[in-house]
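Structure record follows, encoded as structure tokens.
The values are calculated or read from the model by the stated rules, or taken from the named source; none is laboratory data. None of the values given here were measured: they were computed from a predicted structure. As a convention, Cβ positions derive from the backbone with ideal geometry for all residues, glycine included, and neighbour counts pool all protein chains shown. The accessibility values were calculated without ligands, DNA or RNA, using every heavy atom of the protein model including side chains. Shrake-Rupley method; radii C 1.70, N 1.55, O 1.52, S 1.80 Å.
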Amino acid sequence: MTKKFFKFVLQSIAGMVGVSVYILADTFFISMHSGADGLTVLNLVLPVYGVIYAVGAMIGIGSATRYAIRKATGDKHIDFYFTHALLWDIIISVPFILLGIIAPEWILKIMGANQTIAELGINYIRIVLINAPLFMMNYAFTAFARNDNASTIAMIGSLSGSVFNIIFDYIFMFPMNWGLAGAALATAFSPVVTMLVCCTHYLHENIRKVKMRIFPSAVICENKKYTSIKFRWTIPSVHHLFSCCKLGVSAFVGEISSAVTTTVFNILILGIAGNIGVAAYGVIANISIVAMSIFNGISQGVQPLISNSYGNNDKKQVKQLLKLTISLCLLVEIMIIASAWGATDFLIGIFNREGNNELVLYAHSGMRLYFLGYLIAGINIILIAYYSATDKAALAFIASILRGAIAITICAVVMSNIWGIKGIWLSFLSAELITFIVIMVKMLTRRDNY
């Protein structure tokens, strides 16, 4: 089990870090092309990404988790979950598409953009919103692959999409001179690459049947266990959607928390330090995405194993997996904080192509104070994912909404009024500490053996 644990987790981390790396590539190329104003645009659009990713994660990961639990119990009527998730992704993406067509500038101004920033970012946010269904469906493709014993393919798909994004970021922005719109197009097309790679798993059995028809005399000896996931039409069901989404709510809040945090921080920082302060926070937020992706990778990697053990009623193995995951998480937390403190100026310099001293001033202290939150954040993410994987949706929701919206908002507002911008940076640590205390109280008062 330990070998399987590290295989699933490391592959999941690689896939998630790959996704975060192309966000960093966006940040790097945008900073080269448009300087601090470009970073401000990107940081104002990050909450929009967060909402799209959150909905996609809730539907995709929730549906895949429900699929894994029912599969472990021996249920044979589970082949509709994948297509059902994709259909709901398309349906729910319609409002995002309409906003992208009708009101992209309005969205930017709501996020705090002035006229200059809005004009620079209008095409970027339009492309992001119109391509929302691709971002959302991408979660279903990778989550179902991981839960169907194809974690390697999910990892390769994610990394392939990231490599595509990085290469075409440069091509679209500079040789083709499309600027920020080019960065948005590269980002929008990258999920297509990931989904095509994942299709090699979902369509493997169909491809094999075609080969057998073309070469009927061929003897194909394979030990592969074929997927039970099918592309087949199913009527969208609100009942099934809610049944799945309640297991994906922790993934939803995990993603939406970055949107909430970024929005609240942007508003508060704009009032204290203006656009340069927001640009500095943009550097911190984008580097933070890499750290967060590692913990999300750990949680999503271990989820299929915990769900399978839970479905088989193997309580001992569930506990062993939780202990192993927390031990790994503690090690990663120490490494992340050491890296943030040891390479602060180097990391800031990568994205400060203009050599803006004011940006460095805000980002240096901001990064060191903000990253202290990772002393606790990783453990909270793992415990929330554990609740979801063991069908404890209510507990997962309470902890998720607390750390993702309530605690961080209250801490940021209160502490910024007391300590200014330093209070904003420290509010992440405070919110995670409050969430951890609540989770511990809940765990100690539970009556079951999980």
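For this structure, a couple of remarks:
- Among the candidates Ala54, Ala113, Ala68, Ala64, the residue that is out of contact with any Lys or Arg (no Cβ under 6 Å at 6 or more places or on another chain), surrounded by 19 or more Cβ atoms within 10 Å (Cβ to Cβ), of a type in the set (A, V, I, L, M, F, W, C) and outside any helix (DSSP H, G or I) is uniquely Ala113.
- Residue satisfying condition, being modelled with pLDDT of 90 or more, of a type in the set (Val, Ile, Thr) and over 22 Å from Ser427 (Cα atoms), within set Ile348, Ile379, Ile326: Ile326
- Among the conditions (1) in contact (Cβ under 8 Å) with a residue 40 or more places away in the chain; (2) surrounded by fewer than 22 Cβ atoms within 10 Å (Cβ to Cβ); (3) within 24 Å of Phe231 (Cβ to Cβ); (4) not hydrophobic (A, V, I, L, M, F, W, C), the only one that Gly35 does not satisfy is (3).
- Single unsatisfied condition, Arg232 versus (1) of a type in the set (Lys, Arg); (2) in a helix (DSSP H, G or I); (3) in contact (Cβ under 8 Å) with a residue 24 or more places away in the chain: (2)
- Residue within the range 252-260 that is in contact with a Gly (Cβ under 6 Å, 6 or more places away or on another chain), open to solvent by less than 20 Å² (accessible area, probe 1.4 Å) and of a type in the set (Ser, Thr, Tyr) present: yes
- Residue match in the range 142-152 (condition: acidic (Asp, Glu) and closer than 26 Å to Phe8 by Cα): yes
- For the range 264-279, the set of residues classified as under 17 Å from Gly373 (Cβ atoms) and either open to solvent by 10 Å² or more (accessible area, probe 1.4 Å) or not hydrophobic (A, V, I, L, M, F, W, C) (or both) consists of Val264, Leu268, listed by residue number.
- Cys245 meets each of the listed conditions (1) open to solvent by less than 20 Å² (accessible area, probe 1.4 Å); (2) touching a Lys or Arg at 6+ places or on another chain (Cβ under 8 Å); (3) under 27 Å from Cys198 (Cα atoms) apart from (2).
- The residues in the range 89-117 that are acidic (Asp, Glu) and touching a residue at least 40 places away in the same chain (Cβ under 8 Å) can be counted, and the count is 1.
- Residue check: Ile434 meets all listed conditions (1) open to solvent by less than 60 Å² (accessible area, probe 1.4 Å); (2) touching a helix residue (DSSP H, G or I) at 6+ places or on another chain (Cβ under 7 Å); (3) of a type outside the set (Asp, Glu) but one, namely (1).
- Here the condition is being more than 17 Å from Val238 (Cα to Cα) and open to solvent by 20 Å² or more (accessible area, probe 1.4 Å); of Ile122, Ile91, it holds for Ile122 alone.
- Selection of first residues in the range 238-265 that are in contact (Cβ under 8 Å) with a residue 24 or more places away in the chain and of second residues that are among the charged types (D, E, K, R), restricted to Cβ pairs under 7 Å at least 6 apart or on distinct chains, gives the following pairs, ordered by first then second residue: Ser243/Arg66; Cys244/Arg66; Leu247/Arg66; Leu247/Asp391; Ser257/Arg403.
Residues checked against (1) small (Gly, Ala, Ser); (2) under 17 Å from the mean Cα position of the chain (by Cα):
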{"position": "Phe82", "(1), (2)": "no, no"}
{"position": "Ala103", "(1), (2)": "yes, no"}
{"position": "Met136", "(1), (2)": "no, yes"}
{"position": "Gly157", "(1), (2)": "yes, yes"}
{"position": "Gly161", "(1), (2)": "yes, yes"}
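- Counting only helices (runs of 4 or more DSSP H) wholly contained in the range 302-399, the ones carrying 1 or more residues that are under 21 Å from the mean Cα position of the chain (by Cα) occupy 315-342, 357-370, 377-389.
- Some residue of the range 417-430 being small (Gly, Ala, Ser), modelled with pLDDT of 90 or more and either in contact with a Lys or Arg (Cβ under 6 Å, 6 or more places away or on another chain) or open to solvent by less than 10 Å² (accessible area, probe 1.4 Å) (or both): yes
- Looking at Leu39, Leu87, just one residue is of a type outside the set (Lys, Arg) and within 19 Å of Thr194 (Cα to Cα), and that residue is Leu87.
- Residues in the range 223-258 that are modelled with pLDDT of 80 or more and among the hydrophobic types (A, V, I, L, M, F, W, C): Ile235, Val238, Leu241, Phe242, Cys244, Cys245, Leu247, Phe252.
- Contacts under 9 angstrom Cβ, first residue in the range 152-174 being closer than 15 Å to Phe28 by Cα, partner surrounded by fewer than 24 Cβ atoms within 10 Å (Cβ to Cβ) and of a type in the set (S, T, N, Q), 6 or more apart: Ser162/Ser20
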